[in-house]
Amino acid sequence: MSSLDLAVIGNCTISALVDRRAQIVWSCFPRFDGDPVFSALLDSPEGGSDADQKGVFAIDMVGIVSCEQSYLENTAVLVSRMTDSFGNILEVTDFAPRFKHYDRTFRPPMLIRRVQPLKGRPRIRVRLRPHYDWGGCPPNLTRGSNHLRFVGPAYSLRLTTDASVSYVQDERPFVVDRPMSFFFGEDEPLRSETDSTSRAFLDSTVDFWRDWVRSLSIPFDWQEEVIRAAITLKLCNYEETGAIVAALTTSVPEAPHTKRNWDYRYCWLRDAYFVIQALNRLGTTKTMEEYLTYITNIVDDMEAIPNQKDMPPLFSITRSPDLEEREATALAGYRGMGPVRVGNAAYTQIQNDAYGSIVLASVHAFLDKRLIRTGNRALFSHLEKLGQRAIEVFDQPDAGPWELRTKAAVHTFPSVMCWAACDRLIKIAEAMGREDRASFWRENAEHMHRVINERAYNPTTGTFVSSFDGEDLDATLLLLAELDFVKPDDPRFIATVEAVGTKLRRGDLLLRYDVEDDFGLMHTAFMICGFWYVDALSAIGRKEEAKELFEHILSLRNSFGLFSEDADFTTGELWGNFPQTYSMVGLINSAVRLSRSWEEAV
């Protein structure tokens, strides 16, 4: 495993990452934050052989010389076309079934791999090597006439296939002379004919994704890029609860040989707000409604805990409290760069932007007339309690948006998000005809705005700064106009944008900040910061420059059109957890802002 040139498939229950050899190298069961039974992504040191590989689902073509891969247009279905040295051609189609069935969404924890010969008599060898307990426990294997069961300490998984079960079990090469299908997932029998079921599931899944894409309100320019980003964001939505994970992986380091490698398979309130904002710009209101259900449950949870004042910054996708951080010692790490972490200790941190993240995500429930599940007095009451807490903490130290583990300060971005919570509560109160409450929130918002202006603006540098009474800059300052804290033509904001570009830009990308933190200096750029800079340039009138930079950043996507969290600002190599929702959000937001309107273009 030498790069993050990976494709993602999924169905909003599970997902899988497929590499350039059509190997499934990462997939957790029975959901995003489960046990990675396919964990080769984090256990394949460079130079290792296939014989030693575990945690992989490979369909190896014997004598392969090339593998061309692409998504079926406007879907999450991946097609890999392999050619061997004799000219035989094999096609592998990978997907997770998702479609309407009995007026419900059918999205089981299941992966389907369908192979068929396109030319000649290609031969394959199937290497199906799931492992349990984070790579530490090989399964016990039992078999039937058409299936293999992989029995683990807590649960079992099953492969059902119309290929030879003996050949699969023994990893023996065989000829593909007809279409064959491999169903991998829950330990339940397939009660229908294999080939026809595979074809029917594929057709219905393709139809679902194309209908979903058809409903998007996309910009005229960069349509394919936006569609792929939108599908990827949807794949990071755990639809059963409405949660949205920051990424589908854990422990892919932010730079080579750094200890900055975290578990991102959880829902950060901050990240999820930005995802909902981006999808809402494309008209996907259902995902927003589902997320609102998720966060209203979180608010209820927090209110039920005695003496609970601070809102944690992240939650599990089922709101389970078990987020303790530990190391999975059986896995070597991405390219051998461990440790591999399970859980995330950031859940114990104080990050005061959480209140704004919840209120901003909830505003649409009161203002968007398209929604079925609209805001009501009970939700407004909950949000007001969060607003009250925002008033109390907006000028208090926290870990900040970058989750510093040993340093606390009064960071500007969380302070502005606390102000934004009160500012949006004004709009909600007005929409509900509650002028008394609107007046209350207006008074507090104005006070907070004055304090932040005084403490977060440095008259010596002539810019806003990353913490109260400080001197340093960070990339979140580029969001001040986006959050409506300042006008884009405010000279202070223009000066801040220019200073951030001068101090934090490296090539076409931006650092989060350029001062030492708990782990030293940054060695890679954070992808979304580049998009924030593009948006800020456009906002202050430098639109052509913004467009040019946007195109350069787009060129760093992998061959499937996806971004991870970080990139080397010299080589462009992708690092960090993958696919990163933040990065795909940045792509969508910048494209929407910079694109010609349909009226201009058509």
Assigned charges on the beta-carbon of Lys, Arg, Asp, Glu; the chain dipole about Cα centre (debye): 1580
Computed over region 317-372, the ratio Rg/Rh where both radii use C-alpha atoms and Rh is Kirkwood: 1.22
Global geometry of region 83-183, whether rounded, prolate or oblate, following the gyration tensor of its Cα atoms and the 1.5 cut on a/c: oblate
Anchor K100: lysines whose Cα lies under 24 Å away (excluding residues fewer than 8 positions away in-chain): K234, K286
Of every Cα-Cα pair in region 140-295, the percent that sits beyond 19 Å: 69
C-alpha center-to-center spacing [region 261-300, region 332-384] in angstrom: 6
Region 18-175: radius of gyration and largest Cα-Cα distance (Dmax), Å: 16.0, 49
Extreme residue, positive dipole direction of the chain, given options A591, Y266, L235 (C-beta unit charges): L235
Accessible area in the full protein assembly, largest first, 1.4 Å probe, for H131, H447: H447, H131
Net charge contributed by nearby residues that have their C-beta within less than 12 Å of A246 (K/R +1, D/E -1): -3
Shape metrics for region 256-364, restricted to C-alpha atoms - Rg then Dmax, Å: 16.0, 45
Exposure of S49 as accessible area (Å², to 10), given a probe of 1.4 Å and all protein chains: 60
Per principal axis, descending, Cα span of region 61-119 in whole Å: 47, 20, 17
Straight-distance crosslink candidates among lysines, where the alpha carbon sits under 18 Å from K407 and sequence neighbours closer than 8 are dropped: K259
Residue-normalised accessible area of region 424-510, expressed per residue, 1.4 Å probe, Å²: 45
Angle in degrees between helix 223-235 and the longest Cα principal axis of the chain, rounded to the nearest 10: 80
Nearest-ten-degree value, helix 354-367 long axis tilted from longest Cα axis of the chain: 90
Dimensionless Rg/Rh of the chain - Kirkwood Rh, Rg from C-alpha atoms: 0.98
Gyration tensor over alpha-carbon atoms, region 30-93, equivalent ellipsoid semi-axes in Å: 24, 20, 9
Space enclosed by the convex hull of the alpha-carbon atoms of region 301-457, per residue, Å³: 162
Alpha-carbon centroids, region 433-501 and region 7-31: separation in whole Å: 41
Rel. contact order, % - alpha carbon contacts under 8 angstrom, at least six apart, the chain: 13
Mean separation of Cα contacts under 8 Å, 6 or more apart, over the residue count of region 101-201: relative contact order %: 34
Helix-only mean residue ellipticity at 222 nm for the chain, each DSSP H run of n ≥ 4 adding -39500 (n - 2.57), per residue, nearest 500: -11000 deg cm²/dmol
Kirkwood-Stokes translational diffusion coefficient of region 228-307, alpha-carbon pairs, 25 °C, 0.890 mPa s, µm²/s: 177
Surface share of carbon and sulfur [accessible, 1.4 angstrom probe, percent] for region 91-135: 44
Around N352: net Lys/Arg minus Asp/Glu count, Cβ-Cβ under 12 Å: -2
Rg/Rg_globular for region 379-451, with Rg_globular taken as 2.2 N^0.38 Å and Rg from C-alpha atoms: 1.18
Protein accessible area in region 442-512, 1.4 Å probe - carbon and sulfur %: 45
Distance-filtered residues of region 106-140 - backbone nitrogen under 17 Å, label point 7 angstrom along V62 Cα→Cβ: 116-128
Proximal aspartates and glutamates relative to K369, as straight alpha-carbon distance under 13 Å, when same-chain residues fewer than 8 apart are discounted: E289
Region 447-602 - Rg (one decimal) and Dmax (whole number), Cα, Å: 16.0, 52
Whole-number percent relative contact order across region 236-288, with pairs defined as alpha carbons under 8 Å at least 6 apart: 31
Nearest-ten-degree value, helix 285-304 long axis tilted from longest Cα axis of the chain: 70
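The values are calculated or read from the model by the stated rules, or taken from the named source; none is laboratory data. Computed from a predicted structure; not experimentally measured. Neighbour counts are summed over all protein chains in view; Cβ atoms, including those assigned to glycine, are modelled from backbone coordinates with ideal geometry. Only protein heavy atoms, including side chains, enter the accessible area calculation; ligands, DNA and RNA are left aside. Shrake-Rupley method; radii C 1.70, N 1.55, O 1.52, S 1.80 Å.
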